[in-house]
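So the structure is just underneath, and the comments pick up after that.
Read the figures in this text as sums done on the coordinates, not as results from a lab. Treat the numbers as computed from the prediction; the structure is a model and nothing was measured. Methodologically, a virtual Cβ is constructed for each residue, glycine included, from the backbone with ideal geometry; neighbour enumeration extends over all protein chains shown.
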Amino acid sequence: MNKPKFLRIAIPFFVSFSIVAGIIYWQRTNGQDNLSIEAARPASLLEYDAEGKSPREIAKWIYDNHGCVSCHTLTSTGLFGLTPQGQARAEDFEGCPEMLRTVWNTLVLAEKEWTQRQRRVRRDFVDFGCALCHEVGPTGVGLTEIGAKAALLHMSCSQVDSTLNQ
């Protein structure tokens, strides 16, 4: 085969091959970038890397990622408000200290002895998201792993609230 005829066939082949290979490579790396971004996004506070972040950044991440947004709104000035769901749930709410006191009081009673109010408060304890950080045991209320990390970060619910409201 003579050289000019070979080059007329080889050059378009290599150019076409390079373009197709480049497109395939670009699609694969572009897809992997999207997967790695999703994989890198922490699913819970246990996976969240708070190092070097301000208290406000940590509080905002907790607010956005641990269910607060279902009941609370955050105004442009940082004040908490309530969504319609939050307003409905807040109707008989007596506050966190009273809720915790009621939960503690139920620990010495058999479940069948609980009053309607105590049953509602125990149900609200879970529905309001308290059980994400607090676990009710047979002799007391402790912290879950997420609650322990939140405590280490000084980010209880009230601290998230006060940090975002500054």
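The distance between label points at D92 and A43 comes to 3.5 nm (points 7 Å beyond Cα on the Cα→Cβ vector). Please say if the stretch 30-166 is rounded, prolate or oblate, where rounded means a/c under 1.5 for a ≥ b ≥ c the square roots of the C-alpha gyration tensor eigenvalues, and otherwise the choice is prolate for a/b larger than b/c and oblate otherwise? Here the stretch 30-166 falls in the prolate category. In a reduced charge model with +1 at each Lys and Arg Cβ and -1 at each Asp and Glu Cβ, the stretch 55-164 shows a dipole moment near 80 debye about its Cα centre.
For the stretch 60-166, GluC sites (Glu not before Pro) meeting the loop criterion (DSSP other than H, G, I, E, B) and having at most 10 other Cβ atoms within 10 Å: E91. Taken along the Cα-to-beta-carbon direction at a fixed 7 Å, the label points for A148 and E51 span 2.0 nm.
Let me know the shape class of the stretch 99-145, please: from the alpha-carbon gyration tensor, a ≥ b ≥ c as square roots of the eigenvalues, rounded when a/c is under 1.5, otherwise prolate if a/b is greater than b/c, or oblate. Because a/c hits 1.5 or more and a/b fails to exceed b/c, the stretch 99-145 counts as oblate.
The local environment of V160, defined by Cβ-Cβ distances under 15 Å, has a net charge of +1 under the rule Lys, Arg +1 and Asp, Glu -1.
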